[in-house]
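Here's the structure, in structure tokens; my notes come after.
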Amino acid sequence: MLTKFETKSNRVKGLSFHSKRPWILASLHSGVIQLWDYRMGTLIDRFDEHDGPVRGVHFHKSQPLFVSGGDDYKIKVWNYKLHRCLFTLLGHLDYIRTVQFHHEYPWIVSASDDQTIRIWNWQSRTCISVLTGHNHYVMCASFHPKEDLVVSASLDQTVRVWDIGALRKKTVSPADDILRLSQMNTDFFGGVDAVVKYVLEGHDRGVNWASFHPTLPLIVSGADDRQVKIWRMNDTKAWEVDTLRGHMNNVSCVLFHARQDIIVSNSEDKSIRVWDATKRTGLQTFRREHDRFWILAAHPEMNLLAAGHDSGMIVFKLERERPAFSVSGDALFYVKDRFLRTFEYSTQKDTQLIPIRRPGSSGLNQGPRTLSYSPTENAILVCSDTDGGSYELYVIPKDSYGRGDIVQEAKRGIGSSAVFVARNRFAVLEKTSNQVLVRNLKNEIVKKSTLPIGTDAIFYAGTGNLLCRSDDRVVNFDLQQRIVLGDLQTSFVRYVVWSPDMESVALLSKHSIVIADKKLVHRCTLHETIRVKSGAWDGNGVFIYTTLTHIKYCLPNGDSGIIKTLDVPVYITKIYGSTIFCLDRDGKNRPIIIDSTEYIFKLSLIRKRYDQIDEKDHWYRLGVEALRQGNAGIVEYAYQKTKNFERLSFHYLITGNLDKLSKMMKIAEVKNDVMGQFHDALYLGDVRERGKASFSLGTPPPVLCAGDWPLLMVSKGIFEGGLDDTGKGVDEDDEEEAADADWGEALDIVEVANLQNGDVSLVLDDEAVHDENDEEGGWDLEDLDLPPDAETPKTAPNARSSIFVTPTPGMPVSQIWVQKSSLAAEHAAAGDFDTAMRLLSRQLGIKNFSPLKSQFIDIHMGSHTYLRAFTSAPVISIAVERGWSDSATPNVRRPPALVFNFSQLEEKLKAGYKATTAGKFSEALRHFLSILHTIPLIVVETRREVDEVKELVIIVKEYVLGLQMELKRRELKDNPVRQQELAAYFTHCNLQIPHLRLALLNAMTVCFKAQNLSTAANFARRLLETNPSNENQARTARQVLQAAERNMRDATQLNYDFRNPFVVCGATYVPIYRGQKDVTCPYCQTHFVPSQQGQLCTVCELSVVGADASGLLCSPSQTR
């Protein structure tokens, strides 16, 4: 038994594996249900609404649901995403023993101590059938994995098989009137929708468990008579086949293994037993010291089992799944299905070589564990755990390539590890004496060497050398000189991977990787939270390795990262460029294409091979990221490589490096970059150099005696400067001065004695300045004696009369909106379209604003109201504020009221869904595009609403892309291949289930008519997996499947591989498979092929594909 995960808790009575995620549910005798991640070893959630022990629990196959049944007579259906119980099913009158979802229909079967079995519809939340017949507690009940059968076990010493075919027919609502009439009669006079098919009698005591075989017509049962019985059934009868004896107490649970021909049972005798289902003999027994076992569960898709006992549970495997393999040059040698096979990487040709003998002793984990290959002698060593550790030596005949049927006698021996150490010599570890025996190809001992440490395994370490492993260290041992070449402390090493040049070695432990050189000098250590599975070196000296869930890289300095996420664990055998060759757990060779850009880039930086990174864009992005992290040295180097002198100068300014800034000024002078020279001089405060640069530009020197230059253009009010005639000249002159402030020659040439009539303003200005600077000796104006808080309006300094002057107007509300907000919608509401467009360009990469014109105008007009005082006066515009009330503070301005809100978008989304369902694709597309064009100008309040807006963008994008493809398909009348491809791609858009069914039905029909039966069958299967409520759809899909199974082929080749995950390019409508390069739209996140970089997004019609953008900003909460 290989234990993968173990928990300590109250007694575990029910277990269920999730079909896709690494989760397991455990229901406890204390009334708590625990949800564990067995891969990470963490408790995810707990549910404790049951009152008393929970004996049964089960995950739904596809929905985020699980069901539980307990001693409180209640069946509860839970949603694990919502972390709550959805509803409770009441009807049983005693403890509930087991509950189970049906694999296809919305049914739950439950077994109870009230001597009944009930079938429930969890969608209508009603009991649809009660199965009566047992006359004692019903201990378990379960559906058949394929047929309309239920098996139950009871303490009345019987196992019953129930036929529920009539219930299925009743559920799918047959169209035949006669059948419907008979159905009505049945319902009226008493149901026969579930009938007993067989009663299996043979146990002497109460039966605790019974379960079906996943594929064969077999049943296995376990009872209080300590026996496990196997039963066979056909259409008419069922009979006992054999009895398995060995348990010393009540058998609690028993089941068939899904992938191997074995039976697993557990018992209150504190043991789990494994039986050979064919020979009907015991294979292995696993015991616990103090804990009785109560329940077993098998993973629906993986080779995992779980067992619940008195103090917790264990998740385990019965056998290792890692195939034994050895790589030599261009060839991989591996064992699969008791045959030695070879795989050539260059041609990707797989050949069967010779059969490997079956292990003599019956038992688990007797298969090959390691291989070692000698290329010159064409010999192979196969090591296994048979007889406590043994090896077999095969010499592969040259003529056996491609035949694979030549049986030859192997040379065998006892030894826990065996590896080739020379062309015709191999070393065998003899644990008892802690010696290595060196043997020749005749299996004769040539030499013996005592090892320097207590060794439990040996690995190849170059010709004549061995790596010796103990619990906490490894030693590199030279067999010839019998000396230690290197020694390294490390956690328990499971696998050793040498680089092709034998200069570096990776030592793989369960949760760590140690990289060292050939003398075992430590370089770096890497720790992982989940198990490390395999690894190999690529041609650049980077170690690529796999965990249970990822392909990752490790650089020589210890830096690591994720390359790719895995669906299932794989074992890396060889790396060629960007192709990783792996073996999966079924022994199949799989090439995986990866994107190595990230780690090659990092490696080039570490090795300072900057010539390999001569793309300016890479250096620019590196500079941006280094600047964000505050790494000034890298920023400087990146700017130097891109010759970005302006940024480099500014970088030297903000880091205070004035010496280098002076050099930059000289470089600018040599390059005749006058503006650069001027800026550098400005940064340095060097007036002389600045003047020199100005003269070389042909501009006059700056005015040294001028006052403050205006920073903003100021437009004067109609009443400023008084209303008398003399003031007009002053007003005009002031405006002229403000407008022509760049020039200023008049100040140098004017003399006070020669003033002209128009130059009065200069004297007035001068006097006003003098008055401000010399308060004691100025005009003795009466208003200087007034108290400071007097509310008398201040008279303009150049006014000649004492008429009333209006107060200076305050800042317009629209200007306050613009200053306070960084939301594009609020800038548009203020009428500042220019900054709104710049914000959208920066945040979402929007370039095409034509579709947004009407929204801009609507949002601006909608945030203002207009009053006409009287006919001759202009219309007064009044800003409308969001959330205004009578109690609001008058001096605090609120943000603008906006005409667009999120609820309007939800209404448009419903309209789009409705039009899609009705097949009005152009109308639906118009609705969805309207949503995409409105979202940039939406403002919401909370973070949760921000997430909803972002989610809406993705939902709508999927529909726009899908509808565009469908409309394009309808235009292509004369290209049936492209029509099929577009219909197929449409089914991979993330649509609502009803729309997905219609898309699948459409694609299935198109492909079936074009005689692409294999592809049509795939769509039919996917359609049936959605459980279509329309019986016509389901019937059509089943008919297509039946027709395709007779001739499973495609008439034409399509650019479509449903097994390989992909996204669809929004412009060219071709698939971009996982691992291929792509670019995305910064707004709607649509994927495109790299050639579309810089083009306008064809989905949202707004943003530039691949543009840099900071992201959607639609709430004040994002800027706090």
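Tell me the label-point distance for the pair residue 811, residue 522, using the 7 Å Cα-to-Cβ offset, in nm and rounded to one decimal.
6.0 nm
Using a simple spin-label model with points 7 Å from Cα along the Cα→Cβ vector, what separation in nm is obtained for residue 241 and residue 1048?
Reported label-point gap for residue 241 and residue 1048 is 2.5 nm.
By per-residue mean of other Cβ atoms within 10 Å, what is the highest-first order of 1086-1096, 84-94, 146-156?
Details: 1086-1096: 17.2, 84-94: 14.2, 146-156: 21.5.
My ranking of the peptides, most packed first, is 146-156, 1086-1096, 84-94.
Excluding residues on the same chain fewer than 8 positions from residue 431, give the lysines whose Cα lies under 18 Å from its Cα.
Counting by Cα, and skipping residues close in sequence, residue 431 has these lysines nearby: 447, 448.
Starting with the highest mean, order 899-907, 1002-1010 by the number of other Cβ atoms within 10 Å, averaged over the residues of each peptide. The partial results should precede the final answer.
Numbers: 899-907: 14.4, 1002-1010: 21.4.
Packing proxy ranking, top to bottom: 1002-1010, 899-907.
How big is the dipole moment of the stretch 894-960 about its Cα centre under a simple scheme where the beta carbon of each Lys and Arg is +1, that of each Asp and Glu is -1, and everything else is neutral? Debye, nearest 20, please. Write down the numbers at each step before the final one.
Working: 10 positive and 9 negative charges, 31 e Å.
With only Lys, Arg, Asp and Glu charged at Cβ, the dipole is about 140 debye.
Along the charge dipole of the stretch 221-346, which of 278, 327, 304 sits closest to the positive end, that is, farthest toward it, with unit charges on the beta carbon of Lys, Arg, Asp and Glu (+1, +1, -1, -1)?
Of the listed residues, the answer is 278.
How high is the relative contact order of the stretch 983-1120? Use alpha-carbon pairs under 8 Å, at least six apart in sequence, and give a whole percent. Walk me through the intermediate numbers first.
Values: 185 pairs, mean separation 20.4, N = 138.
So the answer I get is 15 percent.
What's the angle, to the nearest 10 degrees (0 to 90), between helix 725-739's Cα axis and the longest principal axis of the chain?
40 degrees
Scattering from the C-alpha atoms of the stretch 915-1059 alone, worked out with Debye: what is log10 I(q)/I(0) at q = 0.09, 0.11, 0.12, 0.18 1/Å?
After summing over all Cα pairs, the log10 values are -0.33, -0.48, -0.55, -1.03.
Put +1 on the Cβ of every Lys and Arg and -1 on every Asp and Glu Cβ in the chain; which of 373, 874, 500 then has its Cα farthest towards the positive end of the dipole?
So the residue we want is 373.
If I take every Cα pair under 8 Å that is 6 or more residues apart in the chain, average their sequence separation and divide by the length, what percent do I get for the relative contact order? Kindly include the intermediate steps, with their values, before the conclusion.
Numbers: 2205 pairs, mean separation 44.1, N = 1120.
RCO, the chain: 4 percent.
Residue 169: which lysines have alpha carbons under 25 Å from its alpha carbon, excluding same-chain residues fewer than 8 sequence positions away?
By straight Cα distance, residue 169 reaches 61, 146, 197, 237.
Considering only protein heavy atoms, what per residue accessible area in square angstrom results for the chain with a 1.4 angstrom probe? Numbers along the way, then the final one.
On the way: 57340 Å² over 1120 residues.
About 51 Å² of surface per residue is accessible.
Where does each of 376-389, 618-631, 923-936 land if you order them by average Cβ count within 10 Å, highest first? Provide the component values of the computation, followed by the final result.
Values: 376-389: 18.4, 618-631: 15.3, 923-936: 21.3.
Descending mean neighbour count gives 923-936, 376-389, 618-631.
Percent of accessible area on the stretch 501-644 owned by carbon and sulfur, 1.4 Å probe? Write down the numbers at each step before the final one.
Values: 3270 of 6660 Å².
Carbon-and-sulfur percentage of accessible area, whole number: 49.
Using the Kirkwood radius built from alpha carbon pairs, what does the Stokes-Einstein equation give as D for the stretch 200-273 at 4 °C and 1.567 mPa s, in µm² per second? It would help to have the intermediate numbers written out before the result.
Details: Rh = 12.3 Å.
For the chosen part, D equals 105 µm²/s.
May I have the convex hull volume per residue, in Å³, for the Cα set of the chain?
On the way: hull volume 338.7 nm³, N = 1120.
Enclosed volume per residue, from the Cα hull, is 302 Å³.
Convex hull over the alpha-carbon atoms of the stretch 1019-1120: what's its volume per residue in Å³? Please list the in-between numbers first.
Working: hull volume 18.8 nm³, N = 102.
Each residue corresponds to 185 Å³ of Cα convex hull volume.
How many nm is it between the label spots at residue 85 and residue 483, if each spot is 7 Å from the Cα in line with the beta carbon?
Spacing of the two 7 Å Cα→Cβ label points: 7.4 nm.
Take the solvent-accessible surface of the protein heavy atoms, probe 1.4 Å, and return the percent of it on the stretch 243-326 that carbon and sulfur atoms account for. The partial results should precede the final answer.
Working: 1300 of 3000 Å².
On the stretch 243-326, the fraction of accessible area on carbon and sulfur atoms equals 43 percent.
Per residue and in cubic angstrom, what volume does the convex hull of the Cα atoms of the stretch 549-680 have? Walk me through the numbers before you get to the answer.
Working: hull volume 17.3 nm³, N = 132.
It comes to 131 Å³ per residue, whole-number rounded.
In straight Cα distance, which lysines are under 17 Å from residue 411, not counting same-chain residues fewer than 8 positions off?
In chain and number order, the partners are 442.
Taking 0.36 nm per intervening residue step and subtracting the Cα-Cα distance, what contour gain separates residue 447 from residue 346 on full extension?
Values: separation 101, 0.36 × 101 = 36.36 nm, distance 3.86 nm.
Value of the extension gain: 32.5 nm.
When only C-alpha pairs under 8 Å and at least 6 residues apart count, what is the relative contact order of the stretch 204-335, in percent? Show your work: numbers first, answer last.
Details: 300 pairs, mean separation 18.3, N = 132.
Answer for the stretch 204-335 is 14 percent.
Hey, any idea what % of the stretch 889-1007's accessible area is carbon plus sulfur with a 1.4 Å probe? Before the final figure, lay out each step's value.
Values: 2780 of 5410 Å².
Answer for the stretch 889-1007 is 51 percent, counting heavy atoms of protein chains only.
Express in nm, to one decimal, how much length is gained between residue 414 and residue 584 on full extension, taking 0.36 nm for each residue of separation and deducting their alpha carbon distance. List each step's numbers first, then the result.
Working: separation 170, 0.36 × 170 = 61.20 nm, distance 2.93 nm.
In short, 58.3 nm is gained.
Which three extents, in angstrom, do the Cα atoms of the stretch 409-519 have along their principal axes, listed largest first?
Computed over the Cα atoms, the extents are 39, 30, 30 Å.
The values are calculated or read from the model by the stated rules, or taken from the named source; none is laboratory data. Values in this document were obtained by computation on a predicted structure and should not be read as measured data. Don't worry about glycine lacking a Cβ; one is built from the backbone with ideal geometry, like all the others, and counts go over all protein chains shown. These accessible areas exclude ligands, DNA and RNA; they are computed on the full protein's heavy atoms, side chains included. Shrake-Rupley method; radii C 1.70, N 1.55, O 1.52, S 1.80 Å.
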